[in-house]
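Read through the structure below, which is laid out as structure tokens, and then see the notes.
The values are calculated or read from the model by the stated rules, or taken from the named source; none is laboratory data. None of the values given here were measured: they were computed from a predicted structure. Neighbour counts are summed over all protein chains in view; Cβ atoms, including those assigned to glycine, are modelled from backbone coordinates with ideal geometry. In case anyone asks, the SASA skips ligands and DNA or RNA and just uses the protein heavy atoms, side chains included. Shrake-Rupley method; radii C 1.70, N 1.55, O 1.52, S 1.80 Å.
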Amino acid sequence: MAYVISDACIACGTCEPECPVGAISAGDIYEIDPNACIDCGSCAGVCPVGAIDAE
């Protein structure tokens, strides 16, 4: 099960460096590659707006 970033994302970039496998990419909102995500939850713990949840 991968984590996903919702439309609540404010594209602050806080989550990207927290991913140990580089599964997060920048954009208008950030995105998590479900094939690369290892379900560690590191990104969800740092999101200031709670936009990242388990799928």
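Taking only DSSP H segments of four or more residues, each worth -39500 (n - 2.57), what value at 222 nm results for the chain once the sum is divided by all its residues, to the nearest 500 deg cm²/dmol? Intermediate results must be reported in sequence, preceding the final value.
Working: 1 runs with 5 residues, N = 55.
Only helices count here, giving -1500 deg cm²/dmol.
Can you find, among A8, A54, A44, the residue sitting farthest towards the positive end of the charge dipole of the chain, where Lys and Arg contribute +1 and Asp and Glu -1 at Cβ? Projecting each Cα onto the dipole axis, the largest value belongs to A44.
On the protein heavy atoms, probe 1.4 angstrom, tell me the percent of accessible surface of the chain carried by carbon and sulfur.
Values: 1520 of 3250 Å².
Whole-percent figure for carbon plus sulfur exposure: 47.
Give me Rg over Rh for the chain, both radii from the alpha carbons and Rh done the Kirkwood way, two decimal places. Before the final figure, lay out each step's value.
Numbers: Rg = 9.4 Å, Rh = 10.6 Å.
That ratio equals 0.89.
Rounded to the nearest 20 debye, the dipole magnitude of the chain is 120 debye, with +1 charges on Lys and Arg beta carbons, -1 on Asp and Glu beta carbons, and the Cα centre as origin.
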